[in-house]
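Written below as structure tokens is the structure these notes are about.
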């Protein structure tokens with residue numbers, strides 16, 4: 001299965017439109033289909049939190065590769081957060 005990530009090969013106009021969306025618009029677009037990963041500290045250790053499009057925490061993984069794999073396994077589209 002190919003990892004799906006919006007942003008890597010998307011046309012510039014698509015990226016601009018996605019970056020301009022509010023959290024509410026992202027949630028309406030498809031919270032069930034989009035996810036993003038953020039580094040977090042848990043018990044003094046670096047971990048990676050997976051969030052739905054509206055910012056709702058979904059899961060925490062011990063490393064980035066596992067977070068990416070979990071998103072892919074759930075057939076979600078990972079979007080970059082800047």
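The values are calculated or read from the model by the stated rules, or taken from the named source; none is laboratory data. These numbers were taken from a predicted model, which means no experiment stands behind them. Here Cβ is always computed from backbone atoms with ideal geometry, including for glycine, and neighbour counts include all displayed protein chains.
Scanning segment 27-51 for residues that are surrounded by 15 or more Cβ atoms within 10 Å (Cβ to Cβ) and assigned to a strand (DSSP E or B) yields 34, 35, 36, 37, 47, 48, 49, 50, 51. Of all the listed residues (54, 9), the sole one being in a loop (DSSP other than H, G, I, E, B), surrounded by 14 or more Cβ atoms within 10 Å (Cβ to Cβ) and either more than 11 Å from the chain's Cα centre (by Cα) or modelled with pLDDT under 95 (or both) is 54.
Scanning segment 57-67 for residues that are touching a strand residue (DSSP E or B) at 6+ places or on another chain (Cβ under 7 Å) and either free of Cβ contacts under 8 Å to residues at least 12 places away in the same chain or not in a strand (DSSP E or B) (or both) yields 57, 59, 62, 63, 64, 67.
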